[in-house]
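Data block below; observations after.
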Amino acid sequence: MPRGRPLLLEVLTALGLVLVPFVLPYVGFAPGTVNQILVWGLFGIGFDILFGYTGLLSFGQSAFFGTGGFVAAYLLTNNLMTSVLLALVIGTLGAMLAGVLVGMIALRRTGIYFAMITVAIAETFFFVENSPLSALTGGENGLPGVPTPHFVLGGFSYQVQNGWSMYGFLAACYFIGMVVALRIMRSPVGAVLIAIRDNPLRARAVGHAVGAYKLAAFVIAAAYAGFAGGLLGVLQGFMPPDAFTFATSGQLVMQTAIGGMGTLYGPLLGAVVWLYLRDFLQEVVGLGSTWKLVLGLVFVLLVCFLRRGIIGGLQDLAARLTAKPHPPAPEESAPIAEVAPPLASLGPSPRHAHAQEPGAIVLEARGITKAYGGIVANRDINVSVTAGELRGVIGPNGAGKSTFFKMLTCEVPPTSGRILFEGRDITGYDVSRVCQLGLTKSYQVNQLFPRLTLRHNIMIAALAERRGRFRLDLLRRAERVPGLALQTEQTLALIGLTARADVPVAELAYGEKRRLEIGLALASSPRLLLLDEPLAGMSPRERRETVQLLKNIRRGRTLVVVEHDMDAVFELAERITVLHEGTVLAEGTPAEIQRSSLVQEAYLGGVAAE
Amino acid sequence: MITWPNFVSQLFNGLATGALLALISSGLTIIYGTLGVLNLAHGAMFMLGGYAGYVAFQATGSFVVAVIAGALFLVVVGAALERVVIRRFYDRPPEDQILLTFGIGIVMVELVRFGFGSLSVSVPPPAWAAGVTPMGFLIYPTYRIVVLGIAAVALGTLYIVLYRTRLGLMVRAGIEDSGMVGMLGINVYRVFMMVFGIGAMAAGFAGIVNAPVVSLTPDIGDSILVQTFVVVVIGGVGSFPGAILGGLISGEILSLTSMVDPAYSQVMLFVVMTLVLLLRPQGLLGQRGRA
Amino acid sequence: MERLVSGAPTRRTLLNTGAGLVAAATLPGFLAHGALAAETYPPIGTYPAGSAGDSVFIGISVPRTGTYAVQGEDELKGYLLAIEHINAGDPLIKKISPRTTKGVLGKQLKYGVADSEAKPNTAVQAQSRFISEDKAVLFTGSTSSAVAVALNKLAQREKVVYVTGISGSNDTTGKDCVRYGFRQCFYGQTAAAALAPVLLKTIGRNKKAAYLTPDYTYGHTVQHSMEEFLKREGGWTTVTNQVAPLGAPDYSSYLLNIANSGAEVLLNVNWGHDAVLSIQQAKQFGILAKQQLVIPYQIPFLSKEVGADVMAGVLAATDFWWTLQDKYPLARMFVEAFDKKYGYKPEWGAENAYMSFAMWAEAVERAGTFYPPAVIKAFEAGQHIDSMVGEVWMRAADHQLVRPVVIVRGKKPSAMASPDDFWEVLEVVPGEGLMQKPDAFGCKLGDYT
């Protein structure tokens, strides 16, 4: 998320764009080259949001670049429209529409699959432009005769010319594009996108509709591509068909990687490097066709040694030079207060609207069974949890506790049986929806957002609760979401990590990470919280503190805890369910369980043997 | 132009085209399945195998030597790349690996252009496989029938290596669960290096075997790369049988649809791929939950 | 790999238009034509800034990477030889442009070369830079009609003269023609008009033809022109038209359709490496043994890449073949000079490139100024000029050179006198009778200013 003083980046961008015509010509940049750079830079902003921030590497951006460009150029060259700006907007909308359609197919898969699919789809777009639609698009000749914009402002009329006049127009477009992008990345949506890049699984588990956000990022990227494509036509005076080729997508990817991913400015800098070096190597060094070899090598070296590109490298350098070391991880993590901070002052939250009546059944598993192929992990489990209860779930290794938990939070669907939460049948729901209803879990193996600070981590979870599964508040500042700051602070206080709030997660001590793991679940204000081995791997002191933490957070909540630490479970839990070989072996108060010969035989004996 | 003889001809041609696609794609899919690296330099490796074979052929005049040289050269290139560069990228996000191999592919193409120029070069088929063979329903180039045979044998050999040897066991263990190789107490890196070498070899071998069919230019791998993507997506990324099935299906699509409207035959590949994605996102023989 | 940086191009980055204007206006008139003209003509395009100094700049963009790199490099060599000859006042140039002494209007030619990657976008970008930074007075280079058309439009917009490189589409001087663009080479329409009678004579009438057509406008127009002529003049029928995408990695399925179509003649419209590959594979499928192969537009280096054995007996139309040196003295001078400098016999791309610069130099000398409208009018005067294929002249109405089309047939390897002796010239068909009416393809040239 771009940080720093508000509007500082915007002002610097404007300043830079104004200075360019006075500086760059003296180092050998032609206005035509600068204008090309701006188009690539604008094209790249969207791609950076998609790749650098959301983590989706698309090799098919040419499809939208071409679509936007050809729609705008078609409207203008066929005199269906005289306003260049309006044509650009319609072209952008066309690209967004294409983005929605392509995204719905391509986003069915992630990572490498996604990259390959985008390549194939972009090839299809190129084919369609070149062949079936060649009567409209001019085939390989493209569409010549795209006019330059003409502005009329109260009697004053201005026709944009090529060269620096065109630069003014493009720079204005770039500036607007950058301002919007900065707003998007400072908005809650931007925060969620970054969270998706870091850990899509957890982003979903804390209640964000990850698929919808990815599609949003994809369409935003398509919009930038389409707009830039339209500008390319305006700049060149004709719309070139090679906008649609794989080479266009490839060049965009390389420029972004060279300049720096996840910086918004990276693609612009990458285009500067690429276009300047291309001219320089050919004209001054006289390399002829070898220029591409040299640029290819430069690219490979950058990917190897400067993984965050030039801007990323500079940021790292600056950080190293001006580094104020974070307070080192304390020898012992801050103690957990005996009394939990009050929660009453929290803003209105839909989840607190109807508090649970004491004694009512909150969660009910009715005969759930899970089979993986021929292996049955859980068989016909019936469990119900009442409001305000702290339920312990124990069982020897392989008893099926993890699968059971995963079914309760809808991470895996049961093969048969139903799951009811507060009377509602949630079987087959998406994890994010279940979380939005007020049921979430903390993981046995930490699922954090490792590249963000502790505070940001908590914020991501709190945002889901404050904003719901999906909302496109692209222009609102994330910090201005009502109640968000308070909720974040309270959660931090609850897990006792307020002093460490601005430390990146990667630098936290293990015990702190475990607490944050619980904090992430807490921050979405669940009424029912499942904790999967919250004490795993902790030192005795950390265990004591975490037990205290659990005692604190159970006020106003219903808790289900899977734990190996018997002492802790017997200390905390009011009722205990014992799983054995995928079925419920016994259920009762700690005293009853301790007395149960069945349990002793099957389980406690097993522990002794371990 | 749908006539019975033409249909049979195209059916056979689809098989021949598909076998070669399957061979190239199997390399891509083995590397991805084991190492989790999508090798965007695979098309360039295909091209490089052809050129390596060309050089050997120029020096010795023997086609067999050319094929061996093309395959061996790519084993070395693949293993060396893995050892020197790719290995540093296992801990980095998959996107970094894609960028890296994309860049390496460009460097390979431009290096060959630098060394050999852009004028295409050819390797003739061996004398015994030159000419055409009348097959009743059609006349087919003898060498293409040989290619079909070679591809089948090569795929069979790969199958044996993957399913009947210890190395294959490790590779498949890696495909199923990348953590497992380490648990088997094997030197994981050595396996990875070998796998990358084998995968590169599949591309290089296909490149030189295919060289008498096409003439070689530095850019020859570009369009092949996109087709191999389609093949593995249809078959299931990381699945060796999937690559074979996907290859054959793609070959048949290219051939059979050309009878109806040749202009659309390439794009039909993408249409079928999209359909597969919609109906069976993991690919025909892919495992759910991968990728 | 050759590095072509002799006579390193200069960049006059600091010389902006304003400074150029001042310089041009205040220079004493010691260069009679140029300086005089500078005072009498209004500024337009890069004039007068581009010709204010003692040299003028030419922008060249050819593909040096990608599919058409081979043809691009050949073309580039032709341009460079022309520049060398013009600057030195070589006898060959003086034959084409009698007024030339050294340079053009006494000014030396400088140039910049950019790799267009055969992409219109890259070419336009490179040439825009040459125009704005180096004040190019002329630009050139294309190996495909897509690039030529794009640069045509750039020329008209920037008011700088453009001479087309390789471009065989009817559109370049048809519906996409411009006042500022000129084309040397022939095109689909004239290829068909010249080739068809020869085909009817050598192959016969009422034949069944199969076409292999690349799926883009150039391919479709050439295919269409051929089909129409052969149908009308010779009663040929088309049994199949196999449309393949550009850069197809394999032609087997298309060729099988052709093999099974019962065609007697195969007309292959593909270009560049696509042509090489499709012809080689047609040979592998045994098609060439049964069907006569015709190449409506010969591709530089085709025979070298495909092999003489495959090309034997193949009929093609081309702009130039080096053995024409036996017929035309200028061709001999050109072939010898080129062979001496580059070590191989020039292909038509190089010839076309050389002639286009030579003709521009001739027009400028005749105009006595670099003022573009005057240069264009000098072109349009239709002056008959001696070239490597006899007399040629520019048609004023569509800026298409009226020039002969050379019909060639591939020689058997045993009949080749030298390793470069691939083609036998069958006929040199005069251009006048081949061309359509200037407005038949919708050409509207546009304004001078």
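The values are calculated or read from the model by the stated rules, or taken from the named source; none is laboratory data. None of these values were measured; they are calculated from a predicted model. Every residue, glycine among them, receives a Cβ derived from its backbone with ideal geometry; neighbour counts consider all protein chains shown. To get the accessible areas, we keep the full protein, side chains included, count just its heavy atoms, and leave off ligands, DNA and RNA. Shrake-Rupley method; radii C 1.70, N 1.55, O 1.52, S 1.80 Å.
Size descriptors for the stretch A:60-101: radius of gyration and Dmax over Cα atoms are 9.9, 30 Å. Just so you know, the Rg over Rh for the stretch C:371-426 is 1.25, from Cα atoms, with Rh as the Kirkwood radius. Per-residue ellipticity at 222 nm computed for chain C from its helices equals -12500 deg cm²/dmol, with DSSP H segments shorter than 4 residues left out and the rest contributing -39,500 (n - 2.57). For the stretch C:342-449, the list of trypsin sites (Lys or Arg not before Pro) that fall in a loop by DSSP and count at most 16 other C-beta atoms within 10 angstrom reads C:LYS444. Normalised by the number of residues in chain A, the mean separation of alpha-carbon contacts (under 8 Å, six or more apart) gives a relative contact order of 17 percent. For the protein assembly as shown, the solvent-accessible area works out to 35 Å² per residue, with a probe of 1.4 Å and every protein chain left in place. Pairs exceeding a 24 Å alpha-carbon distance, out of C:LYS119/C:LYS153; C:LYS153/C:LYS341; C:LYS153/C:LYS437; C:LYS94/C:LYS437: C:LYS153/C:LYS341; C:LYS94/C:LYS437. Shielding by partners for peptide B:201-213, expressed as the average number of C-beta atoms from other protein chains within 10 Å of each residue's C-beta, is 1.
Under a Gaussian network description of chain B, with springs only between Cα atoms under 10 Å, the residue in B:GLY207, B:GLY136, B:GLY27 that fluctuates furthest is B:GLY136.
Could you tell me the center-to-center distance, by alpha carbons, between the stretch A:436-500 and the stretch A:1-79 in angstrom? One Cα centre to the other: 32 Å. Remark: the protein assembly as shown carries a charge dipole of roughly 1240 debye about the Cα centre, counting +1 on each Lys and Arg Cβ and -1 on each Asp and Glu Cβ. Distance distribution note for chain C: the fraction of Cα pairs above 30 angstrom is 41%. Per residue, the convex hull around the alpha carbon atoms of the stretch C:92-163 comes to 108 Å³.
Here the ratio of the Cα radius of gyration of chain A to 2.2 N^0.38 Å is 1.13. Residues in the stretch C:339-351 carry Karplus couplings, in order, of 4, 5, 7, 10, x, 8, 7, x, 8, 5, x, 5, 4 Hz; the curve used is 6.51 cos²θ - 1.76 cosθ + 1.60 with θ = phi - 60°, and Gly or Pro positions show x.
Couplings 3J(HN,Hα) of the stretch C:194-209, computed from phi: 7, 7, 4, x, 5, 5, 5, 5, 8, 9, x, 9, 6, 9, 9, 10 Hz, in residue order, whole Hz [Karplus 6.51 cos²θ - 1.76 cosθ + 1.60, θ = phi - 60°; x for Gly and Pro].
Protection proxy ranking, highest mean first, for peptides A:274-281, B:105-112, B:164-171, C:355-362: C:355-362, B:105-112, A:274-281, B:164-171, where packing is the per-residue count of other beta-carbon atoms within 10 Å, averaged. Computed on the Cα trace of the stretch A:84-131, the radius of gyration divided by the Kirkwood hydrodynamic radius gives Rg/Rh = 1.08.
Summarised as an ellipsoid, the stretch B:219-279 has semi-axes of 18, 14, 10 Å, derived from the eigenvalues of the Cα gyration tensor scaled by 5 and square-rooted, with the largest first.
Round to a whole number: what % of the accessible area of chain B belongs to carbon and sulfur, probe 1.4 Å? Looking at chain B in its full context, I get 71 percent from C and S.
Between amide H atoms placed 1.01 Å from N, distances below 5 Å from A:LEU363 occur with A:VAL385, A:GLU422, all of them 5 or more places distant or on a separate chain. For B:PHE46, the accessible area of its heavy atoms, probed at 1.4 Å with every protein chain present, is near 10 square angstrom. In the frame of its principal axes, the protein assembly as shown has Cα extents of 115, 80, 50 Å, reported largest first. With a 10 Å cut-off around each Cβ of C:275-283, the average count of Cβ atoms from other chains is 3. Chains B and C together bury roughly 2800 Å² of accessible surface, counting both sides and using a 1.4 Å probe on protein heavy atoms. Counts of other chain beta carbons within 10 angstrom of each beta carbon in peptide A:127-133 average 4.
Starting from the Kirkwood Rh over alpha-carbon pairs, what translational D in µm² s⁻¹ does the stretch C:228-290 have by Stokes-Einstein at 20 °C and 1.002 mPa s? It comes out at roughly 173 µm²/s.
When restricted to Cα atoms, the stretch C:288-334 yields an Rg and a Dmax of 12.7, 40 Å, respectively.
Only alpha carbons enter this Debye calculation for the stretch A:114-200, each as an equal point scatterer, and the log10 of I(q)/I(0) it gives at q = 0.21, 0.23 Å⁻¹ is -0.98, -1.01.
Separation of the stretch B:64-119 and the stretch C:332-358, taken as the distance between their Cα centroids, equals 38 angstrom.
Here the 3J(HN,Hα) profile of the stretch A:584-591, calculated from phi with Karplus coefficients 6.51, -1.76 and 1.60 at θ = phi - 60°, is 7, 8, 7, 8, x, 6, x, 5 Hz, Gly and Pro shown as x. For the stretch A:151-216, the equivalent ellipsoid built from the Cα gyration tensor has semi-axes of 41, 12, 9 Å, listed from largest to smallest.
Taking the convex hull of the alpha carbon positions in the stretch A:528-571 and averaging its projected area over all directions gives 2.8 nm². From the alpha carbon centroid of the stretch A:128-192 to that of the stretch C:422-449 is 38 Å.
Accessible surface of chain A, 1.4 Å probe: 63 percent of it comes from carbon and sulfur atoms.
Note the per residue figure in Å³ for the convex hull of the C-alpha positions in the stretch A:46-131.
Given the Cα convex hull of the stretch A:46-131, per-residue volume reads 83 Å³.
From largest accessible area down, sort B:HIS42, A:HIS456; use a 1.4 Å probe on the protein chains.
So the residues, ranked largest to smallest area, are A:HIS456, B:HIS42.
Computed in the context of the full set of protein chains, the accessible area of chain C at 1.4 Å probe radius has 53% of its extent on carbon or sulfur.
In a Debye calculation with equal point scatterers on the alpha-carbon sites of the stretch C:171-307 and no solvent, what is log10 I(q)/I(0) at q = 0.20 Å⁻¹? Normalising to I(0) and taking log10 leaves -1.22. Taking only C-alpha pairs under 8 Å that are 6+ residues apart, what is the relative contact order of chain B in percent? Reported relative contact order: 37 percent. Pairwise alpha-carbon distances in the stretch B:14-220 exceed 26 Å for 35% of all pairs. Only helices enter the 222 nm calculation for chain A: every DSSP H run of n ≥ 4 contributes -39,500 (n - 2.57), and dividing by all residues gives -16000 deg cm²/dmol, rounded to 500. When accessible surface is computed with a 1.4 Å probe, chains A and B are found to bury approximately 3600 Å² between them, both chains counted. Farthest toward the positive end of the dipole of chain A, out of A:GLY229, A:LEU170, A:THR577, is the Cα of A:LEU170, where the dipole comes from beta carbon charges about the Cα centre.
Sorted from greatest to least, the principal axis extents spanned by the alpha carbons of the stretch A:415-504 come out as 46, 33, 22 Å. Shown for chain C: cysteine residues without a partner Cβ closer than 4.7 Å, namely C:CYS185.
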